[in-house]
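The values are calculated or read from the model by the stated rules, or taken from the named source; none is laboratory data. Remember, it's a predicted structure, so these values are computed and weren't measured experimentally. Here the Cβ positions follow ideal geometry from the backbone for every residue, glycine too, while neighbour counts run over all protein chains shown. Surface areas here come from the heavy atoms of the whole protein model, side chains and all, with no ligands, DNA or RNA. Shrake-Rupley method; radii C 1.70, N 1.55, O 1.52, S 1.80 Å.
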Amino acid sequence: MSTQATYLPLAEQNFPPEHAALVQAFQTTASWVWTREDELYQPPYAPPGAVRGFRWTYTGTRAPSSITIVLSVDNYFSLHVNGALVHAANPSNELWDAFAFTVPLPVGSRKTVVAIRAFNADDTTAVMNNPAGLTAAIKLSFQGTTQTETLVTGSNMRWVGESSFPAGWENPDFDDSNWANVVVLPADRWPSDQRRSPSRLFVASSIAGGATTTTATQTSTLVVTSTSSSSATTSLTTTSTTSSQLSTSSTSSIPDIPLPQDPTLGQVSASATGVGSSGNSSNNSNGSIASGPSPFLTGIIVGFILLTTLWPRSLRRIF
């Protein structure tokens, strides 16, 4: 049974200088946007307590490896990337604060979906003049290159939004083709000198739960079976499971391989190693089994030895 996909928990660190240009774009270029409300509310105003869903989809010729997002929402928000939770809604968030997140993306995927659920404060003292909006700057890093791409909310970045949205709306395969484009809001409602830059960066390492995962596991088992002191075989079985969007598994086996032989060991009888069904066989240095002397010939040799050693003593006792 699949569970809600999530990037949580996130690691927190000081905001790194490598994203300074992204913050600069956020502060100076990104616009505030929102859904188009009914005629009672002209931008930038929205009904108190209004909740709106926003989606932005990236599709390109290159596959992104990670995404960094800097955003502010009047008044607070939840954030998903490709259906996985990055930030849960928290009413205590301050609208003037900027939040920054970096998360990894599935390997090889050229589609990335950012979904934001935005909440307007339920301020009953400002029913008709309660502003609502979101603003964001996004940086995509790509696999196999140091090049990045930065985009900001505004007329050149296609965000769509809706006031009602079904379960699963944050998932990348959700059809938002009938959602309306967002409205770019007047900039004077949120003066840039009151907007704060992010001081912390929240970083995800992998996705947990749901139908997607970016983690990989590998298990290796080494089995060595020795048939004698001069011959052995080795079998190696490796099972690896790696999943990103879909889970796959593969098992490969290497055939039995003779281990290096020691030429000084000579032949070893099978009775000492437990190999073979009878006591008249031994292992040659090349690992093959050779037959030993027959029982009849062995009896003649033993009898001859006994006769030559005991016969003189018998003669002395008689004479």
Could you run through region 121-151 and say how many residues are under 14 Å from Ile69 (Cα atoms) and surrounded by 15 or more Cβ atoms within 10 Å (Cβ to Cβ)? 11
Counting just the residues of region 66-85 that are more than 25 Å from Thr28 (Cβ to Cβ) and not small (Gly, Ala, Ser), which one comes out surrounded by the fewest Cβ atoms within 10 Å (Cβ to Cβ)? Leu85
Which of the residues that make up region 17-51 are over 20 Å from Val182 (Cβ atoms) and either open to solvent by less than 20 Å² (accessible area, probe 1.4 Å) or hydrophobic (A, V, I, L, M, F, W, C) (or both)? His19, Ala20, Ala21, Leu22, Val23
Residue check: is Thr102 outside any loop (DSSP other than H, G, I, E, B) and polar (S, T, N, Q)? yes
Of Pro9, Pro43, the only residue that is modelled with pLDDT under 95 and assigned to a loop (DSSP other than H, G, I, E, B) is Pro43
For region 65-97 the number of residues that are over 17 Å from Val33 (Cα atoms) and assigned to a loop (DSSP other than H, G, I, E, B) is 9
Give all pairs with beta carbons closer than 7 Å in which a residue from region 1-16 that is of a type in the set (S, T, N, Q) meets a residue that is open to solvent by 60 Å² or more (accessible area, probe 1.4 Å) and modelled with pLDDT under 95; count only pairs at least 6 apart in sequence or on separate chains. Ser2/Ala211
Assess whether Ala63 counts as being farther than 21 Å from Asp176 by Cβ, touching a Gly at 6+ places or on another chain (Cβ under 7 Å), of a type outside the set (Lys, Arg) and surrounded by fewer than 22 Cβ atoms within 10 Å (Cβ to Cβ). yes
Answer yes or no: is there a residue in region 152-171 that is under 31 Å from the mean Cα position of the chain (by Cα), open to solvent by 50 Å² or more (accessible area, probe 1.4 Å) and under 20 Å from Glu94 (Cα atoms). no
Quickly run through region 102-120 and pick out the residues that are open to solvent by less than 30 Å² (accessible area, probe 1.4 Å) and either within 25 Å of Arg189 (Cβ to Cβ) or of a type in the set (Val, Ile, Thr) (or both). Thr102, Val103, Thr112, Val113, Val114, Ala115, Ile116, Ala118, Asn120
For region 24-49, how many residues meet the condition of being over 23 Å from Arg196 (Cα atoms) and in contact with a helix residue (DSSP H, G or I) (Cβ under 7 Å, 6 or more places away or on another chain)? 0
